[in-house]
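Written out below as structure tokens is the structure these notes cover.
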Amino acid sequence: MKKPIILFCGTLALAACGNGLEKKANEKLAVAKAAYERGDYEEAKSQIDSIKILYPKAFEARKAGQALMLDVETKAQQKTLAYLDSAFQAKTEAFNAIKDKFILEKDAEYQQTGNYLHPAQSIEKNMHRSFLRFQVDELGNMSMTSIYCGAGNIHHVGVKVIAPDGSFAETPASNDSYETTDMNEKIEKADYKLGADGNVIGFINLNKDKNLRVEYLGDRAYKTTMSETDRQAAASVYELAQILSAMQQIKKEQEEANLKIGFINKKKERKAQEATTEK
């Protein structure tokens with residue numbers, strides 16, 4: 001008789017322990033629900049995660065927590081989308097306020113993405129001139145082109161920009177350069193993308209109100225001075241690039257949020273089908 005009694009008592013103890021765990025887990029679940037209802041989604045996630053860690057055998061509470069987590073994640077992504085929509089609208093307004101200050105060069109026949117540049121730096125206005133030209137494409141990718149025109153080649157592949165105080169920025173060797181000849185004039189061009197330009201573009205933007213010198217780095221030395229117009233063109237295109245690149249980043253984050261919501265909805269559908277099958 002003693003053995004059955006011991007087993008029975010043990011079963012009662014385990015049941016009581018299980019009920020106690022489930023009760024504590026449900027208390028956590030209640031806190032998570034309250035956080036969800038007031039819009040504190042990070043707190044709700046934290047409380048749901050703690051149920052799984054602290055009470056792994058509280059199966060009913062864990063199951064309810066998993067269902068609540070799907071709702072929490074949906075609301076969190078919807079909140080993110082609302083913020084992103086507002087941010088995108090603000091950037092769009094900023095873009096619309098300045099876009100007419102630039103020329104959009106785009107050949108519809110072979111270009112999917114056009115380039116914005118300052119009107120003062122259009123090709124027609126700068127024939128036979130050595131200078132730094134700045135442009136940004138419609139996706140926010142900015143670049144700088146060093147253009148050299150002269151009687152003889154210097155074979156340059158980089159430039160160095162120097163401020164009056166001696167500080168400077170220097171590009172690495174360009175991966176995109178070419179040379180040609182037009183009516184005995186030697187023309188050289190080298191391109192540098194923002195972020196791979198040795199911070200020359202940022203340096204010019206920071207020192208746009210100072211007298212900047214430009215040294216072409218090649219087989220022969222060539223030096224010139226940036227005009228105020230070129231410095232201001234660099235700064236204005238840089239501003240446009242920041243807006244356009246921010247808009248692209250927001251679009252990317254919007255797509256990610258929508259994908260997450262779609263994934264959550266599919267997960268909810270599977271769980272609903274599983275519940276129907278169990279019945």
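Conditions tested, residue by residue: (1) acidic (Asp, Glu); (2) in a helix (DSSP H, G or I).
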{"position": "Thr224", "(1), (2)": "no, no"}
{"position": "Asp230", "(1), (2)": "yes, yes"}
{"position": "Leu244", "(1), (2)": "no, yes"}
{"position": "Met247", "(1), (2)": "no, yes"}
{"position": "Lys251", "(1), (2)": "no, yes"}
{"position": "Asn258", "(1), (2)": "no, yes"}
{"position": "Phe263", "(1), (2)": "no, yes"}
{"position": "Gln273", "(1), (2)": "no, yes"}
{"position": "Thr277", "(1), (2)": "no, yes"}
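Within region 106-126, track down each residue that is more than 27 Å from the chain's Cα centre (by Cα) and in contact (Cβ under 8 Å) with a residue 12 or more places away in the chain.
So in region 106-126, the residues more than 27 Å from the chain's Cα centre (by Cα) come out as 107-110, 119-126.
Of everything in region 106-126, those that are more than 27 Å from the chain's Cα centre (by Cα) and in contact (Cβ under 8 Å) with a residue 12 or more places away in the chain turn out to be Pro119, Ala120, Gln121, Ser122, Asn126.
Do any strands (runs of 3 or more DSSP E) lying entirely in region 95-212 carry at least 1 residues that are surrounded by 19 or more Cβ atoms within 10 Å (Cβ to Cβ), and which ones are they?
Hits in region 95-212: 115-117, 131-137, 142-150, 158-162, 168-170, 185-193.
Just for region 218-270: of the residues that are open to solvent by 80 Å² or more (accessible area, probe 1.4 Å) and among the basic types (Lys, Arg), which one is farthest from Lys101 (Cα to Cα)?
By that ranking, first place goes to Arg270.
Please name all residue pairs, on different chains or six or more residues apart, with Cβ atoms under 6 Å, provided the first residue is in region 57-78 and is under 10 Å from Ile264 (Cβ atoms) and the second residue is loosely packed, with under 15 Cβ neighbours inside 10 Å.
Pairs found: Leu70/Lys268.
The values are calculated or read from the model by the stated rules, or taken from the named source; none is laboratory data. Owing to the predicted nature of the structure, the values given are computational and were not obtained by experimental measurement. Counting neighbours? That spans all protein chains shown, and the Cβs are built from the backbone with ideal geometry, glycine included. To get the accessible areas, we keep the full protein, side chains included, count just its heavy atoms, and leave off ligands, DNA and RNA. Shrake-Rupley method; radii C 1.70, N 1.55, O 1.52, S 1.80 Å.
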